[in-house]
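Take a look at the structure below.
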Amino acid sequence: MGAKNKRIILTLLLVVSGVGITYYYYVPNTKTYSPDIMTMSDKFGILKTYPTKPGGREWFIDMNNPTKDPGFKVGSNITRQLDGSWQISGRVDNGSYVGEVRMGININGTVSWVKEIWHTGGYTDKRAEGQVTNSINGRWIGWKVVVYNMNNDTAVKMESYLDNKANNQWIKVTDLTDNGGWYANSPDPVFYGAHCGKAKDYIITKGGPLAIFRSDNMTWNFKDLSVREIQPPS
């Protein structure tokens, strides 16, 4: 498979008040992020985009022994590297779930969002697709994905942020709202044949309790993974 098809896909299934997911990874034009809210850091020293919701859930990977973490399921073998990061080949998780929004970054530096209303006939076309950096092969970057409900739970806001030089300098690279009209691209007989009870442009305001870090057909290093239930902007 060519490099342009190799990608990191971050699949989000937790849409409560909002979720923010952050991680750094390494594979062996944009809008500048507002500095007035970049004043908080998490336990890894990574600047937060949004604060954690009061009483909200937080998860941070155990970098010393992630396989013993009951909240972290690894779908492939991982090995510790000399710098303390972990390397994985293939997928971190090999699951598919109903009701997903996915933010992917390709090895060539392009990104896009896609929605899956049901597996496998409920995929939409890509949105917010664009070139946000050059190749990420052989270097560290930071990556954040933020998803939260808005307008009284009638729409979903999706954002992603890139730390292009892994120096804690974040820029927003996608900003997308799903308020309807983002349709599954399968024919009606296929989509409705699944009897999922959802419209073809169903807005995923109610997700499952999982956040999935997924990669296909590549080897990459990761560190400082986190998932937080955020306090979205009012």
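Identify, please: which residue in the stretch 147-173 is β-branched (V, I, T) and crowded, with 22+ Cβ neighbours inside 10 Å and is, among those, nearest to N106 (Cα to Cα)?
The selected residue is V173.
Right, V98: within 24 Å of K200 (Cα to Cα), among the hydrophobic types (A, V, I, L, M, F, W, C), under 19 Å from the mean Cα position of the chain (by Cα) and at pLDDT below 90 or not?
yes
Do we have any residue at all in the stretch 79-95 that's part of a strand (DSSP E or B), modelled with pLDDT under 90, among the charged types (D, E, K, R) and under 30 Å from Y202 (Cα atoms)?
no
When you scan the stretch 144-161, do you find a residue that is of a type in the set (D, E) and part of a loop (DSSP other than H, G, I, E, B), even just one?
yes
Condition test on R139, is it surrounded by 14 or more Cβ atoms within 10 Å (Cβ to Cβ) and under 20 Å from N217 (Cβ atoms)?
yes
Any residue at all in the stretch 65-75 that is at pLDDT below 90, surrounded by 15 or more Cβ atoms within 10 Å (Cβ to Cβ), closer than 21 Å to P209 by Cβ and of a type in the set (V, I, T)?
For the stretch 65-75, residues at pLDDT below 90, surrounded by 15 or more Cβ atoms within 10 Å (Cβ to Cβ), closer than 21 Å to P209 by Cβ and of a type in the set (V, I, T): present.
Any idea which of K172, K223 is assigned to a strand (DSSP E or B) and in contact with a Gly (Cβ under 9 Å, 6 or more places away or on another chain)?
From the options K172, K223, the qualifying one is K223.
Look at S41 and say whether it is of a type outside the set (D, E), surrounded by fewer than 16 Cβ atoms within 10 Å (Cβ to Cβ), touching a strand residue (DSSP E or B) at 6+ places or on another chain (Cβ under 6 Å) and at pLDDT 90 or above.
Against the criterion (of a type outside the set (D, E), surrounded by fewer than 16 Cβ atoms within 10 Å (Cβ to Cβ), touching a strand residue (DSSP E or B) at 6+ places or on another chain (Cβ under 6 Å) and at pLDDT 90 or above), S41 qualifies.
With the structure loaded, tell me whether S34 is modelled with pLDDT of 90 or more, under 15 Å from Y161 (Cβ atoms) and among the hydroxyl-bearing types (S, T, Y) or whether it fails that test.
no
Quick check on the stretch 174-216: of everything there that is surrounded by 19 or more Cβ atoms within 10 Å (Cβ to Cβ) and closer than 23 Å to S226 by Cβ, which residue is modelled with the lowest pLDDT?
Of everything passing the filter in the stretch 174-216, G207 is modelled with the lowest pLDDT.
Among all residue pairs at least 6 apart or on different chains, which show Cβ distances below 8 Å where the first residue, located in the stretch 143-157, is more than 18 Å from R102 (Cα to Cα) and the second is at pLDDT 95 or above and in a loop (DSSP other than H, G, I, E, B)?
As it stands, the answer is N151/N179; T154/N179; T154/I203, since those pairs meet every condition given.
For the stretch 133-191, what are the residues that are of a type in the set (D, E, K, R) and in contact with a strand residue (DSSP E or B) (Cβ under 7 Å, 6 or more places away or on another chain)?
Within the stretch 133-191, R139, K144, K157, E159, D163, K172, D175, D178 meet the criteria.
Can you name the condition, by its number, that I171 falls short on among (1) among the aliphatic types (A, V, I, L, M); (2) touching a Lys or Arg at 6+ places or on another chain (Cβ under 7 Å); (3) within 28 Å of G75 (Cα to Cα)?
(3)
From the list K126, K144, K157, K115, pick out the single residue that is closer than 23 Å to D62 by Cβ and out of contact with any Lys or Arg (no Cβ under 7 Å at 6 or more places or on another chain).
Of K126, K144, K157, K115, the one residue that is closer than 23 Å to D62 by Cβ and out of contact with any Lys or Arg (no Cβ under 7 Å at 6 or more places or on another chain) is K144.
Among the numbered criteria (1) modelled with pLDDT of 95 or more; (2) of a type outside the set (D, E); (3) closer than 26 Å to I46 by Cα, which one does N167 miss?
Among (1) modelled with pLDDT of 95 or more; (2) of a type outside the set (D, E); (3) closer than 26 Å to I46 by Cα, N167 violates only (1).
The values are calculated or read from the model by the stated rules, or taken from the named source; none is laboratory data. Model, not experiment: these values are computed from the prediction. Quick reminder, even Gly has a Cβ in these numbers, built from the backbone with ideal geometry, and neighbours come from all protein chains shown.
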